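Q: Structure provided below as structure tokens; questions to follow.
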Amino acid sequence: MARVSQEHLDARRRQILDGATRCFSRNGFHAASMQDVLREVGLSAGAVYRYFTSKDELIAAIATEALATVRAAFERAAEEHPPPLPDVLLTQTLGDVLAGGVLGGGPRSGDEPEFPRVALQVWAETLRNPELAKALRQGFDEMHGVWSRIVTAYQEAGLMRADVPADRVARTLMALAQGFIAQQALFGDVEVEQVRDGLRGLMSMTEPRVG
């Protein structure tokens, strides 16, 4: 029997994850069954269960892969000296997420990107799934570390006040990104340029002169 190449295995795994993402985005985690996923990806149960033995494993894989991909984008920015300013960095990364740069090249439902809808469900799922909550917490902590390094680089370059703890600024910027994703999932009409312009407005603020 011919050995199956790693490239083939990776492509099949990608096919399953993309199909599951479409299915979960459309129907929700709890309403979608593994049979729904099988129909979406067009594979047999044996082919899918070779990679993922349960729906919970699929959900965890989608969540951890998305976090890893987004984190990698920010890690690349952290290597620049100094990194792009937040209005550029967040806009570019969030734009890539919505355009399909996360989760394997862009599963979409009609004209709506699927990542925000799935992300919101993942966050809710962590309230009942301890294993997923643990994985998400680890991903959050790793992302927080990357953002803290970015903020420290801003401070060392004289671009940001140094008297504010970097980890607190990092948490705030992460909250902004999460808020954008939540608004996109709930309302669907939030353009990433709104984040860019809003950040530029905030970044332009100065303390008023006294006297």
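The values are calculated or read from the model by the stated rules, or taken from the named source; none is laboratory data. Since the structure is predicted, the reported quantities are computational estimates derived from the model, not experimental observations. Cβ: placed from backbone, ideal geometry, glycine included. Neighbour counts: every protein chain shown. Quick note on the areas: whole protein, heavy atoms, side chains included, nothing else; ligands and nucleic acids left out. Shrake-Rupley method; radii C 1.70, N 1.55, O 1.52, S 1.80 Å.
Q: With the requirement that a residue be within 23 Å of the chain's Cα centre (by Cα), of a type outside the set (D, E, K, R), part of a loop (DSSP other than H, G, I, E, B) and closer than 18 Å to Asp87 by Cα, what does the range 178-211 give you? Step through it out loud before you land on a result.
A: Going through the range 178-211, the residues within 23 Å of the chain's Cα centre (by Cα) turn out to be 178-200.
From what is left, the residues that are of a type outside the set (D, E, K, R) are 178-188, 190, 192, 194-195, 198-199.
Going one step further and asking which of them are part of a loop (DSSP other than H, G, I, E, B), we end up with 188, 190.
The one that is within 23 Å of the chain's Cα centre (by Cα), of a type outside the set (D, E, K, R), part of a loop (DSSP other than H, G, I, E, B) and closer than 18 Å to Asp87 by Cα: Val190.
Q: Hey, another quick one. Could you please find all residues in the range 128-143 being more than 16 Å from Glu79 (Cβ to Cβ) and either within 18 Å of the chain's Cα centre (by Cα) or among the charged types (D, E, K, R) (or both)? Show your work before the answer.
A: So the first thing to find is which residues in the range 128-143 are more than 16 Å from Glu79 (Cβ to Cβ), and the list is 128-141.
Passing the criteria: Arg128, Glu131, Leu132, Ala133, Lys134, Ala135, Leu136, Arg137, Gln138, Gly139, Phe140, Asp141.
Q: Count, please, the residues in the range 115-143 that happen to be open to solvent by less than 40 Å² (accessible area, probe 1.4 Å) and either acidic (Asp, Glu) or at pLDDT 95 or above (or both).
A: Residues in the range 115-143 being open to solvent by less than 40 Å² (accessible area, probe 1.4 Å) and either acidic (Asp, Glu) or at pLDDT 95 or above (or both): 1 in total.
Q: Can I ask one more? Filter the range 144-176 for residues that are β-branched (Val, Ile, Thr) and either within 20 Å of Val195 (Cβ to Cβ) or under 23 Å from the mean Cα position of the chain (by Cα) (or both) and give the result.
A: Of the residues in the range 144-176, the ones β-branched (Val, Ile, Thr) are 146, 150-152, 164, 169, 172.
Passing the criteria: Val146, Ile150, Val151, Thr152, Val169, Thr172.
Q: Right, another one. Of the conditions (1) under 23 Å from Ala66 (Cα atoms); (2) open to solvent by 90 Å² or more (accessible area, probe 1.4 Å); (3) of a type in the set (A, V, I, L, M, F, W, C); (4) without any contact (Cβ under 8 Å) to a residue 40 or more places away in the chain, Met205 clears all except one; give me its number.
A: (1)
Q: Does the range 25-32 contain at least one residue that is open to solvent by less than 50 Å² (accessible area, probe 1.4 Å), farther than 24 Å from Gly179 by Cα and out of contact with any Pro (no Cβ under 6 Å at 6 or more places or on another chain)? Break it down stepwise before answering.
A: Quick first cut of the range 25-32, residues open to solvent by less than 50 Å² (accessible area, probe 1.4 Å) only: 25, 28-29, 32.
This time we only want the ones that are farther than 24 Å from Gly179 by Cα, so: 32.
Imposing the further condition that a residue be out of contact with any Pro (no Cβ under 6 Å at 6 or more places or on another chain) reduces the set to 32.
For the range 25-32, residues open to solvent by less than 50 Å² (accessible area, probe 1.4 Å), farther than 24 Å from Gly179 by Cα and out of contact with any Pro (no Cβ under 6 Å at 6 or more places or on another chain): present.
Q: Looking only at the range 154-177, filter to residues that are open to solvent by 30 Å² or more (accessible area, probe 1.4 Å), in a helix (DSSP H, G or I) and in contact with a helix residue (DSSP H, G or I) (Cβ under 8 Å, 6 or more places away or on another chain); which one of those is farthest from Val70 (Cα to Cα)?
A: Quick first cut of the range 154-177, residues open to solvent by 30 Å² or more (accessible area, probe 1.4 Å) only: 155-165, 167-168, 171-172, 175-176.
Going one step further and asking which of them are in a helix (DSSP H, G or I), we end up with 155-156, 167-168, 171-172, 175-176.
Restricting the remaining residues to those that are in contact with a helix residue (DSSP H, G or I) (Cβ under 8 Å, 6 or more places away or on another chain) gives 155, 167, 171, 176.
Numbers: Gln155: 23, Asp167: 18, Arg171: 15, Leu176: 14 Å.
For the range 154-177, the residue satisfying everything is Gln155.
Q: Let me ask another. Within the bounds of the range 44-59, is there any residue that is open to solvent by less than 20 Å² (accessible area, probe 1.4 Å) and in contact (Cβ under 8 Å) with a residue 60 or more places away in the chain?
A: Keep residues of the range 44-59 that are open to solvent by less than 20 Å² (accessible area, probe 1.4 Å), which gives 48, 52, 58-59.
Still in the running and in contact (Cβ under 8 Å) with a residue 60 or more places away in the chain: 59.
Scanning the range 44-59 turns up at least one residue that is open to solvent by less than 20 Å² (accessible area, probe 1.4 Å) and in contact (Cβ under 8 Å) with a residue 60 or more places away in the chain.
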